[in-house]
Amino acid sequence: MSNQIVPTKSQLLATKKSLKLSQKGFEILDRKRNVLVREIMSLLTQAADVQARIDTTYEAAYEALEHANVTLGNTSELASTVAFDNNLNVAYRSVMGVELPMVALEDSEISGVPFGLQSSNAPLDDALIKFTEVKKLTAELAEIENSVFRLSIAIKQTTRRANALKNIMIPRFKAEVKFITEALEEKDREEFSRMKLIKRKKVRDALAEESA
């Protein structure tokens with residue numbers, strides 16, 4: 001280290017400043033990591049809830065569709081009359097600088113069921129409603145899972161940077177401050193000893209002149 005650092009007061013001030021900035025940076029990254037971890041834990045809880053609702057709604061939807069197929073025969077022709085849904089919108093929100101998607105599926109006019117009164121029945125209408133609900137839940141789950149994926153990457157990056165500051169940069173700057181401080185103190189002691197010797201010599205010279 002002594003071959004790389006010149007132990008001067010200006011270098012000591014600069015190193016202390018770098019140490020302070022590194023410590024501040026670590027605190028910021030640590031807070032960011034904690035916020036992101038809390039966010040991802042909340043989303044994981046939501047994901048489990050939405051997935052359970054999807055499973056339940058899918059089961060009910062297929063039961064209704066099976067009932068409709070039994071009572072109406074093949075419902076594929078009726079299914080083809082359902083209009084294509086293009087109501088999916090994606091926006092973004094920022095959490096500690098991490099862009100997370102917000103998936104919005106606009107409500108379709110379920111009241112405008114495309115099946116005729118004579119060609120349809122209640123189970124088929126029920127199946128349509130339930131599959132529409134599944135579609136909304138799937139969009140919600142996609143938002144959550146994508147957010148979890150982005151957060152997990154951000155947490156890894158933040159942890160890596162925080163660890164680099166904590167385990168590499170901060171210890172290095174502390175060691176440099178210690179080295180420079182000790183070198184300057186040793187220099188001050190040498191200067192103090194040199195000044196004492198000069199003073200003693202002057203006193204001896206003065207006494208010698210008086211006795212001559």
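Some values worked out for this structure:
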quantity	calculated
The chain: most fluctuating residue of Ile155, Ile28, Ile168 per GNM, C-alpha cutoff 10 Å	Ile168
Accessible area per residue in Å² at 1.4 Å probe, computed on the chain	69 Å²
Choice from Asp55, Asp188, Asp125 with maximal GNM fluctuation in the chain (Cα, 10 Å cutoff)	Asp188
With at most 12 other Cβ atoms within 10 Å, longest stretch of the chain clear of loop GluC sites (Glu not before Pro) (DSSP)	1-105
Carbon plus sulfur fraction of accessible area for the chain, probe 1.4 Å, in percent	56 percent
Anchor Lys16: lysines whose Cα lies under 26 Å away (excluding residues fewer than 8 positions away in-chain)	Lys24, Lys32, Lys166, Lys174, Lys178, Lys187
Most mobile of Lys136, Lys166, Lys187 in a GNM of the chain (Cα contacts under 10 Å)	Lys187
For segment 127-212, convex hull of alpha carbons as volume per residue, Å³	67 Å³
For the chain, projected area of the alpha-carbon convex hull averaged over all directions, nm²	18.8 nm²
Within the chain, helix-based [θ] at 222 nm, where runs of 4 or more DSSP H residues each add -39,500 (n - 2.57), nearest 500	-26500 deg cm²/dmol
Among Gln46, Leu65, Ala164 the positive-end extreme of the charge dipole of the chain (Cβ point charges)	Ala164
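The values are calculated or read from the model by the stated rules, or taken from the named source; none is laboratory data. Given the structure is predicted, the values throughout are model-derived calculations rather than measurements. Cβ atoms come from the backbone with ideal geometry, glycine included; neighbour counts cover every protein chain shown. The area values use the complete protein model at the heavy-atom level, side chains included, leaving out ligands, DNA and RNA. Shrake-Rupley method; radii C 1.70, N 1.55, O 1.52, S 1.80 Å.
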